[in-house]
Every structure is written in C-alpha cells, then in structure tokens.
1. Under 8 Å for C-alpha pairs, at least 6 residues apart: give me the relative contact order for segment 27-119, rounded to a whole percent.
2. If you rank TYR35, TYR85 by fewest surrounding Cβ atoms within 10 Å, what's the result?
3. Any idea what the alpha-carbon Rg over 2.2 N^0.38 Å comes to for segment 27-119?
4. Using the count of nearby Cβ atoms within 10 Å as a rough guide to exposure, how do ARG166, ARG219 rank from fewest to most?
5. Rank ALA37, ALA95, ALA72 by mean-square fluctuation in a GNM of the chain with C-alpha springs under 10 angstrom and give only the top-ranked residue.
6. Using helices alone, what [θ] at 222 nm do you get for the chain, with -39,500 (n - 2.57) per DSSP H run of 4 or more residues, divided over all residues and rounded to the nearest 500?
7. Semi-axes, largest first, in whole Å: what does sqrt of 5 times each Cα gyration tensor eigenvalue give for the chain?
8. Taking springs between alpha-carbon atoms closer than 10 angstrom, which of PHE76, PHE41, PHE68 fluctuates most in the Gaussian network model of the chain?
Amino acid sequence: MKIAIDGPAGAGKSTIAKIVASKLGSIYIDTGAMYRAMALFMIRNGIDPGDGEAMEKLCSNCRISIAFLDGAQRVFLGDEDVTAYLRDEEVGKMASAVSKYPAVRTKLVELQRELAEKCSVVMDGRDIGTVVLPDAELKIYLTADPHVRAVRRAKELCGDREPDARFVREIEDEIILRDTNDMTREVSPLKKADDAVLVDSSYLSIDEVAGLIIDHANRVLKETGDAV
C-alpha cells in the first residue's frame, strides 16, 4: 500500500507519517530529507541558490540514498551519513531553491518511485499525491493555520524557553513566504490532489491526526483483508 501525505511546511507531515508507518507496518520515506540532502550537496559545492543552470548540471553527480538503521531513517550523500545536517536553517532555505528546478526534481522523483515499488510506504512531501505517487491508494493533504505552524516551530527552536511574539511573527512571515513559493512554482507546485483527504491539524493532537489517517488507511486495507 502506498500512502501519500502532502502539505505545507510545519503542518506535522513527517511526525505524523512516521507514526502512521509504524502503526501500519510500512516504511516511512521522508522526501523532504532527500531534497535537503541535495541542498546540502549544492551548498558544499558553493552553488548560489539562484543559479539553476549550475544546479541542473551538478545534480547528476549527486548520489543520495536512504537506509534504515535501528528503525530510523538515515540519509546518505555518497557514503556519508548526513542526517544530522539536514535540519540546519541554511539547508532548509536552499532546499526550497533546488526544488524549483526540473532536473533536480526528476532525479529525486525517480528514486522515490523506486523505493515505493519495493514495499508498502508512507511518503510525505509537497507533490507526492500529485506527481510522485499519483496512483497511491490513500492521499492525505495535511495542513494547519500559518500562525499555529509558526508557534510550533518557534517552540521547537527555543526548547524550554517560551518564544516571544516578535520571534513568532518573524517565523510566520517566513512560513507564509515559503507557502507562496511552494504553491506558485512552475514545477510541481504544492496543491491538494483532487482525490486527497483534507486534514487540518491546527487544533488536533499528534495522536488525533495519526488516528484519523490510520482510520482512512484501514478503510482502504479492508478491501484486501489487511486492516490493522
């Protein structure tokens, strides 16, 4: 079974997708991490975020792979495990830039489809249900209010310290800008697939959101007698 979870940054896609995959006995594929790995590759090679020509030439030399060690997904550039570097702010901004270019997306989509053909997967990203896995048995569009997403991100960055209102507003502005860029880019823009289930996580707990998606998955799985 293929489950595609799309949605904007900060909606909780990765967290939810991991839980759903674990409950259903599927493999979780974080496509965002693959784009971040490509972004890290470009940063290390000194490529400017606006130099699309250089990115498209260089991406063919980038080897990205995924392995599951002790139940956790690890992302590799060549033979190097780069998982620890993928959440840096600089990498996140570059990931948004590299995702605009067709050659980069083509390379990563091919790898993502190969992974989905090997086993049951839960895959999250921006264009999984519309481009990467248009034949997925279940498609979810997971979203949340921009302010709610900003508060979540601010708390994540501040740890035990309560984030101030100004910091939250700055993050919210960045989120809104990123949403606009993702939704208006020419190649594979972020949008809800026509047959996707809309789930708003703004005022739901992680367990509530995961439970809703698992319920939808079980409805699909009942057709084959494999519901959990």
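Each value in this text was obtained by applying a stated rule to the coordinates, not by laboratory testing. Just so you know, these numbers come straight off a predicted model, no measurement behind them. Every residue, glycine as well, gets a Cβ built from its backbone with ideal geometry; the counts of neighbours run over all protein chains shown.
1. Once normalised by length, the contact order is 36 percent.
2. On the way: TYR35 25, TYR85 18.
So the ranking, lowest neighbour count to highest, is TYR85, TYR35.
3. Details: Rg = 12.6 Å, N = 93, 2.2 N^0.38 = 12.3 Å.
That works out to 1.02 for segment 27-119.
4. On the way: ARG166 8, ARG219 11.
Taking fewest neighbouring Cβ atoms as first place, the list is ARG166, ARG219.
5. Comparing ALA37, ALA95, ALA72 in the GNM, the peak value goes to ALA72.
6. Numbers: 8 runs with 109 residues, N = 228.
After summing the helix terms and dividing by the residues of the chain, the value is -15500 deg cm²/dmol.
7. On the way: eigenvalues 137, 106, 56 Å².
Output for the chain: semi-axes of 26, 23, 17 Å.
8. PHE68
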